[in-house]
1. I'd like the full set of residues that are surrounded by fewer than 12 Cβ atoms within 10 Å (Cβ to Cβ) and free of Cβ contacts under 8 Å to residues at least 24 places away in the same chain, limited to segment 119-150.
2. Give me the pairs, please: first residue somewhere in segment 66-80 and more than 12 Å from E52 (Cα to Cα), second residue anywhere and among the acidic types (D, E), beta-carbon distance under 6 Å, and either six or more positions apart or on two chains.
3. May I ask you to say which residue of L9, L50 is among the hydrophobic types (A, V, I, L, M, F, W, C) and at pLDDT 80 or above?
Amino acid sequence: MKADFIQRLNNMMSDRLKILEPSHLLPEAAPLHRNILRQFPVLQSVLESLSEGLLIVSESGELWYANEQARRISQQLTQSDRTSIMQEIERVCDSLIESRSLFPDQKLILDSEIVMLDATIVRIQAQWFQSAKIQQACILVTLEDLCNNN
């Protein structure tokens, strides 16, 4: 993955981004995001109401989508914790990318847990995501606050 993976995710999940609009996504992803959500408003409601944080990331580390819970988890983290979680997301995604050549026909879900400075535990899971609407495979990353399951 590109060296700027952590920086891209840090920028997206910074406290400055209270609302992630399609304009904050990659230019090529924004029309796709708008089209899918316009055609399926129920899908947007479902994605935004999940208790897990949800990120859709390209194989090169470009963020295509983040739901409300992912933004909430990020906003509760200190800068140090945010950096730690982004590094762990990168590590899990890199491992998933490497595993594709070793296990090409198996659907894998890789996960990790990270303990924050305030003892909050966040589970990170990554799996491949492919859709007919998206030309390339993406990585679906879920973030689950194990201390605050609401």
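The values are calculated or read from the model by the stated rules, or taken from the named source; none is laboratory data. What you are looking at is a predicted structure, and each value in this text was computed from that prediction instead of being measured. Neighbour counts run over all protein chains shown; Cβ positions are idealised from the backbone, glycine included.
1. Q130, A132, Q135
2. From residues that are more than 12 Å from E52 (Cα to Cα), the pairs are Q75/D15.
3. Details: L9 fails: at pLDDT 80 or above.
Matching residue, one of L9, L50: L50.
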